[in-house]
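The values are calculated or read from the model by the stated rules, or taken from the named source; none is laboratory data. Just so it is clear, the structure is predicted and the values come from calculations on it, not from any experiment. In this analysis, Cβ positions are derived from the backbone assuming ideal geometry, glycine residues included, and neighbour counts consider all displayed protein chains.
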Amino acid sequence: MSDVERFLAMGGYARFVWPAYALWAAVIAGNVWSAWRALDRARTRALRRLAARAAESPDGSRA
Amino acid sequence: MNWTWFHRLASPPHFYRIAGQLLPWLAIPAALLLAGGIFGGLVLAPPDYQQSDAFRIIYIHAPSAWLSLMCYTVMATAAAVGLIWRIKLAHAVAAATAPIGASFTALALATGSLWGRPMWGTWWEWDARLTSELILLFLYLGYMALRSSFDDLTRADRASALLAVVGVVNVPIIHFSVYWWNSLHQGATVMKLGRSEMPASMLVPLLMCLLGSTLLYGALLCARVRAEVLERERQASWLSGLVK
C-alpha cells in the first residue's frame with residue numbers, strides 16, 4: 001500500500017473523514033459565495049437607485 | 001470612559017468604510033490559517049492512539065462548534081444593543097450573523113454525527129450536548145424565519161432581537177452540558193483552564209483552524225453587514241460617495 005493510498009484510506013475511516021471534509025469545504029464555499037453575492041446585489045441595486053435619482057433630479061446631479 | 005468610538009462605529013457610513021478596509025485583512029489570514037491548519041491536521045498530526053485517523057474530523061468539527069456558539073453570542077449581544085440603544089447597525093450585525101451561525105451549527109452537527117458513528121456506534125444520540133446544539137440550530141432558523149415574516153424592517157428587528165436575546169440562555173447550557181449531565185460527548189480538551197491534554201503536533205493545527213475560522217467569520221460578517229447597510233440606507237445621500 002503506497003503512502004497516498006494509506007493517506008486516502010484514513011486508517012479505515014475514509015468513509016467518515018472525507019465526507020466530513022467535503023461538507024466543511026461546501027459550507028465554507030457556500031458562505032463565501034452567498035456573502036459575495038449579497039454584497040454584489042446590494043451594490044448593484046444601490047448604483048441603480050443612485051442612477052435613477054440622478055436622472056430624476058432637475059440638474060442631473062447625484063443627490 | 002470615552003464612548004465616541006462606539007458612536008462613530010454605530011454610524012453606517014463609517015462602519016461601511018471600516019468593514020471594507022478590514023475585509024482583506026481578515027480574509028487572507030483566514031485562508032492561510034485554514035489551509036495550514038487543515039494540512040497539519042490531515043497530514044502532519046499523528047493518528048490518535050484510540051481513535052486512529054477518525055480523530056482528524058476534530059479539525060473541522062471543533063471550529064464549527066466554536067463558531068456556532070460565538071456567532072450566537074455575537075448575534076444576541078448585537079440584538080440586545082439594538083434593542084436597548086436603538087442602534088440600527090446592531091440589528092444589521094445580528095441579521096448578518098444568523099445565516100453564518102446557522103450554517104456552522106448544521107456543520108457541527110453533521111461532522112459530529114460522522115465522527116460519532118465510528119466512535120459511539122450511532123449517528124445520533126439524544127444526549128444533552130447534541131440536543132442543546134440542535135436547539136441552537138432551531139433558534140437560528142427561528143430567528144431568520146421570524147425576520148422574514150415581517151414586511152416592516154423595524155418590527156422585524158425588534159421581534160427577532162427579542163428571540164435572539166431570550167435564546168442566549170442556551171449557549172452556557174451547550175457549553176456546560178457535558179458537566180451537568182451524563183454525556184457521551186467528551187469534555188473540553190483545548191479550551192479549559194490550565195494545560196491542554198493534546199500534544200503540540202495535534203494542538204497547533206487545531207488552534208490554527210480555530211483562529212482561521214474566527215477570522216473567516218469576521219470577513220464574512222464584514223461583507224454581509226456591508227450588504228445589509230446598503231439595503232437599509234437605500235435613501236441616504238452618503239451612498240453616492242461610497243458605492244463604487
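Considering every residue within the stretch B:123-132, establish whether at least one is in contact with an Asp or Glu (Cβ under 6 Å, 6 or more places away or on another chain) and part of a helix (DSSP H, G or I). Give the steps one after another, and end with the answer.
Residues of the stretch B:123-132 that are in contact with an Asp or Glu (Cβ under 6 Å, 6 or more places away or on another chain), as a first pass: none.
Within the stretch B:123-132 (the criterion being in contact with an Asp or Glu (Cβ under 6 Å, 6 or more places away or on another chain) and part of a helix (DSSP H, G or I)), the answer is no, since none of the residues qualifies.
In this structure, does B:V229 turn out to be at pLDDT below 95, in contact with a Ser or Thr (Cβ under 7 Å, 6 or more places away or on another chain), under 28 Å from A:N31 (Cα atoms) and surrounded by 16 or more Cβ atoms within 10 Å (Cβ to Cβ)?
Working: at pLDDT below 95: yes; in contact with a Ser or Thr (Cβ under 7 Å, 6 or more places away or on another chain): no; under 28 Å from A:N31 (Cα atoms): yes; surrounded by 16 or more Cβ atoms within 10 Å (Cβ to Cβ): yes.
When the stated conditions are applied, B:V229 does not pass them.
Anything in the stretch B:206-244 that is part of a helix (DSSP H, G or I), farther than 15 Å from A:T44 by Cα and not hydrophobic (A, V, I, L, M, F, W, C)? List them, or say none.
Within the stretch B:206-244, the subset part of a helix (DSSP H, G or I) is B:206-232, B:239-242.
So of that shortlist, the ones also farther than 15 Å from A:T44 by Cα come out as B:206-222, B:225.
B:G212, B:S213, B:T214, B:Y217, B:G218 - these are the residues of the stretch B:206-244 that are part of a helix (DSSP H, G or I), farther than 15 Å from A:T44 by Cα and not hydrophobic (A, V, I, L, M, F, W, C).
Among all residue pairs at least 6 apart or on different chains, which show Cβ distances below 9 Å where the first residue, located in the stretch B:150-167, is without any contact (Cβ under 8 Å) to a residue 40 or more places away in the chain and the second is surrounded by fewer than 17 Cβ atoms within 10 Å (Cβ to Cβ) and among the polar types (S, T, N, Q)?
Cβ pairs passing all conditions: B:A156/B:S148; B:A156/B:S149; B:A159/B:S149.
Look through the stretch B:135-166, keep the residues that are within 16 Å of B:V93 (Cβ to Cβ) and within 16 Å of the chain's Cα centre (by Cα), and return whichever of them is surrounded by the fewest Cβ atoms within 10 Å (Cβ to Cβ).
Residue satisfying both the conditions and the ranking: B:M144.
Name the one entry in A:A20, A:A42 that is at the interface with another protein chain (Cβ under 8 Å from one of its Cβ atoms), in contact with a His (Cβ under 8 Å, 6 or more places away or on another chain), assigned to a helix (DSSP H, G or I) and of a type outside the set (S, T, N, Q). Before the answer, list the steps.
On the way: A:A42 fails: in contact with a His (Cβ under 8 Å, 6 or more places away or on another chain).
Among A:A20, A:A42, only A:A20 is at the interface with another protein chain (Cβ under 8 Å from one of its Cβ atoms), in contact with a His (Cβ under 8 Å, 6 or more places away or on another chain), assigned to a helix (DSSP H, G or I) and of a type outside the set (S, T, N, Q).
Answer with yes or no whether B:Y49 is among the hydroxyl-bearing types (S, T, Y) and under 19 Å from A:I28 (Cα atoms). Full working, then the answer.
Numbers: among the hydroxyl-bearing types (S, T, Y): yes; under 19 Å from A:I28 (Cα atoms): no.
Here the answer is no, as B:Y49 does not meet what is asked.
Do we have B:Y179 as modelled with pLDDT of 75 or more, crowded, with 16+ Cβ neighbours inside 10 Å and not hydrophobic (A, V, I, L, M, F, W, C) here?
Details: modelled with pLDDT of 75 or more: yes; crowded, with 16+ Cβ neighbours inside 10 Å: no; not hydrophobic (A, V, I, L, M, F, W, C): yes.
The answer is no for B:Y179.
Answer with yes or no whether B:R195 is of a type in the set (K, R) and modelled with pLDDT of 90 or more. Don't jump to the end; show me each part of the working.
On the way: of a type in the set (K, R): yes; modelled with pLDDT of 90 or more: no.
So B:R195 fails the test.
Inside the stretch B:120-133, can you point out the residues that are crowded, with 17+ Cβ neighbours inside 10 Å and hydrophobic (A, V, I, L, M, F, W, C)?
B:A128, B:L130 - these are the residues of the stretch B:120-133 that are crowded, with 17+ Cβ neighbours inside 10 Å and hydrophobic (A, V, I, L, M, F, W, C).
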